[in-house]
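First up is the structure itself, then whatever we jot down about it.
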Amino acid sequence: MPNEFLRSMDLYQENILDHYRRPRHHGPLADADVTQEEHNPVCGDRLTFYIKFSGDSLAEVSFTGQGCAISQAAASMLCEEAVGRNRQDILSLGTQDVLDLLGVTLGPTRLKCALLSLQGLHNACAVRAV
Amino acid sequence: MKQIKADFPALQDGLIYLDNASTTQKPQVVIDAMVDYYTNYAANVHRGIYATSERASERFDAVREQVRAFLNAASSAEIIFTSGATAGLNLAVRLVGQTLQPGDVVLVSRYEHHANLIPWQLLARERGVTLRWFEPDSAGELTVDTLVALITPRTKALALTQMSNVNGYVAPIKDLIALAHQHGIEVVVDAAQSASHLAIDVQAMDADFLAFSGHKLLGPTGIGVLYGKRGILETREPVFGGGGMIEDVELEQSTWADLPAKFEPGTPHIAGVIGLGAALDYLMQIGMDTIERHVDELYKLAVMQLSALPGVQLYGINDHTTAMVSFGVDGIHPHDVASILDRSQLAVRAGHHCAQPLHKSWDIPASSRASFYIYNTPDDIIALVAGIKDAQRIFA
């Protein structure tokens, strides 16, 4: 009981709310090389990622979307993390990396919200044609 | 009603449980009845000749008669134990499907939970049957006028929930079934929500099939009931086979047992049936009319309080909704609402509640839902309102 309570308390710490209210890397990229849409029909979270590559490196990354605070904050944080990295780096990011960025533990339902972004960036980096 | 919370061990630690449409808490007597079976007379039913098997069989059969009385069915031959409403509805769809031809039409109400929609989709794909929506009117009511306009000579079945699990809308089931029967249409009723809240009379309703779950009315998970009219069940073939549903067995054919055994292969969830019996006992001591009134008062209080909150939208309220409220909070996703309420030990549900088509018709991807039952009190509603205000403060 106490652990679950603490976990809920952490969920809306300032950095998550900050990224939700004022997302970084937010907005479409007109000349994106890859546009990747993700959707969780279970709750209506939607994210679209835009990436401009320079060689294998993610020169520009941004997103648009709507949904819960966790899904949108995770997208903002991941875009910050992803810009300037290369495709392989992104593809090797995992669940724990997302949780480290968010700075919280999440139950299985909310975890799906957080991982929608990872899925989007993974799919976007896999799509890139040479 | 005030003493009721004390009977529920899970509610002694400050949990304010408002997700009863999903599942209900269990009174100690239900838990004790199941533990008693496993501790003292765990044996199979209708198979053994020794004392504990006979005790288990007597208890099991007594619960079947209890359920018959709970539904006012004409005979306990019409009471089939299942693993829950979903299994019951799947079985009912299969049994109705045995009479359907390619090109036949099945009407499905827009309010249906996926359990009374997806099985029809699977059937439709296999059998070339067509599905059509039975839409509510602009007030959210399912009406005889709408239904009569939809019916054609090819309409053969109707999937109808007696009470929506999203907004608690109670359909005029008796009138709709009467109209359906005038046109030779079989009706499969989803009573998963209604059985917990309303006195059900399958004879008065004239339901062809009706399904409910034990866990939504204080019983254990994994047990439910499918009611089917005797005349219909006698003409349909079993869908699942095994022990207990046969008379004489050869390689390529067998003769079937009498009803209801014909539709109950294998060892049933005996502890589940016993737990269901204890749950029905508990409910009958309170009385379904008292339960309906109590829950409706909480619903009215919730609607009044939540309507007064700026930035809160209530979905689908009409003259025939009760027992629960689905709502949205401006600028805050239902998941975030639910997580913040969780901080104050309030349990509500967020998502589409297994009713995506209803949410699509309202043009929202998801909602938060608070649903009330016998152990909830006006204080729980006050806590809900305070929790929503918390959420609004955090996201302001």
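The values are calculated or read from the model by the stated rules, or taken from the named source; none is laboratory data. Computed from a prediction, not measured in an experiment: that's the story for all the values here. Here the Cβ positions follow ideal geometry from the backbone for every residue, glycine too, while neighbour counts run over all protein chains shown.
Starting from residues that are away from chain B (no Cβ under 12 Å) and of a type outside the set (A, V, I, L, M, F, W, C), keep the ones in the range A:62-85 and report whichever is surrounded by the fewest Cβ atoms within 10 Å (Cβ to Cβ).
First, pick out the residues of the range A:62-85 that are away from chain B (no Cβ under 12 Å): A:62-64, A:74-85.
If we keep only those that are of a type outside the set (A, V, I, L, M, F, W, C) as well, we get A:62, A:64, A:76, A:80-81, A:84-85.
Numbers: A:Ser62: 21, A:Thr64: 18, A:Ser76: 25, A:Glu80: 15, A:Glu81: 20, A:Gly84: 13, A:Arg85: 17.
The residue in question is A:Gly84.
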Find all pairs meeting these conditions: Cβ atoms under 8 angstrom apart; at least six residues apart or on different chains; first residue within the range B:10-26 and more than 14 Å from chain A (Cβ to nearest Cβ); second residue assigned to a helix (DSSP H, G or I) and of a type in the set (Lys, Arg). B:Asn20/B:Lys216; B:Ala21/B:Lys216; B:Thr23/B:Lys216; B:Thr24/B:Lys216
Please work out if A:Ala59 is more than 14 Å from chain B (Cβ to nearest Cβ), buried (at least 20 other Cβ atoms within 10 Å of the Cβ) and more than 27 Å from B:Ala391 (Cα to Cα). no
Residues that are within 25 Å of B:Ala73 (Cβ to Cβ), at least 3 per element: which helices (runs of 4 or more DSSP H) completely within the range B:231-348 meet that? B:270-286, B:288-307
Going by the conditions given, is B:Ile382 of a type in the set (A, V, I, L, M, F, W, C), more than 21 Å from the chain's Cα centre (by Cα) and modelled with pLDDT under 95? no
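Right, A:Thr105: surrounded by fewer than 18 Cβ atoms within 10 Å (Cβ to Cβ), at pLDDT below 95, within 13 Å of chain B (Cβ to nearest Cβ) and assigned to a loop (DSSP other than H, G, I, E, B) or not? Walk me through how you get there before you give the answer.
Numbers: surrounded by fewer than 18 Cβ atoms within 10 Å (Cβ to Cβ): yes; at pLDDT below 95: yes; within 13 Å of chain B (Cβ to nearest Cβ): yes; assigned to a loop (DSSP other than H, G, I, E, B): yes.
For A:Thr105, the condition - surrounded by fewer than 18 Cβ atoms within 10 Å (Cβ to Cβ), at pLDDT below 95, within 13 Å of chain B (Cβ to nearest Cβ) and assigned to a loop (DSSP other than H, G, I, E, B) - is met.
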Residue in the range B:282-302 that is out of contact with any Pro (no Cβ under 7 Å at 6 or more places or on another chain), within 14 Å of another protein chain (Cβ to nearest Cβ) and of a type in the set (A, V, I, L, M) present: no
Across (1) outside any helix (DSSP H, G or I); (2) at pLDDT below 90, A:Ser62 clears everything bar (2)
Residues of the range A:10-44 classified as at the interface with another protein chain (Cβ under 10 Å from one of its Cβ atoms), part of a loop (DSSP other than H, G, I, E, B) and not β-branched (Val, Ile, Thr), total: 5
Would you point out which residue out of B:Ile286, B:Ile246, B:Ile232 is hydrophobic (A, V, I, L, M, F, W, C) and within 20 Å of the chain's Cα centre (by Cα)? B:Ile286
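Between B:Ala207, B:Ala199, B:Ala192, which is modelled with pLDDT of 95 or more, in a loop (DSSP other than H, G, I, E, B) and more than 24 Å from B:Asp19 (Cβ to Cβ)? Lay out the reasoning, then the answer.
Details: B:Ala199 fails: more than 24 Å from B:Asp19 (Cβ to Cβ); B:Ala192 fails: more than 24 Å from B:Asp19 (Cβ to Cβ).
Matching residue, one of B:Ala207, B:Ala199, B:Ala192: B:Ala207.
Give me the residue from the range B:374-396 that is among the β-branched types (Val, Ile, Thr) and part of a loop (DSSP other than H, G, I, E, B) and, out of that set, nearest to the other protein chains (Cβ to nearest Cβ). Break it down into steps so the answer makes sense when it comes.
Our first condition is that a residue be among the β-branched types (Val, Ile, Thr); within the range B:374-396, this holds for B:374, B:377, B:381-382, B:385, B:388, B:394.
Those left that are additionally part of a loop (DSSP other than H, G, I, E, B): B:374, B:377.
Working: B:Ile374: 24, B:Thr377: 21 Å.
Checking each candidate, the answer is B:Thr377.
I'd like the residue in the range B:349-373 that is part of a helix (DSSP H, G or I), in contact (Cβ under 8 Å) with a residue 24 or more places away in the chain and within 11 Å of another protein chain (Cβ to nearest Cβ) and, out of all such residues, is surrounded by the most Cβ atoms within 10 Å (Cβ to Cβ).
Quick first cut of the range B:349-373, residues part of a helix (DSSP H, G or I) only: B:356-361.
Retained after the next criterion (residues that are in contact (Cβ under 8 Å) with a residue 24 or more places away in the chain): B:356-359, B:361.
Still in the list and also within 11 Å of another protein chain (Cβ to nearest Cβ): B:356, B:359.
Details: B:Gln356: 16, B:His359: 20.
Among those that are part of a helix (DSSP H, G or I), in contact (Cβ under 8 Å) with a residue 24 or more places away in the chain and within 11 Å of another protein chain (Cβ to nearest Cβ), it is B:His359.
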Does B:Gln392 meet the test of being within 19 Å of A:Ile70 (Cα to Cα) and at pLDDT 95 or above? yes
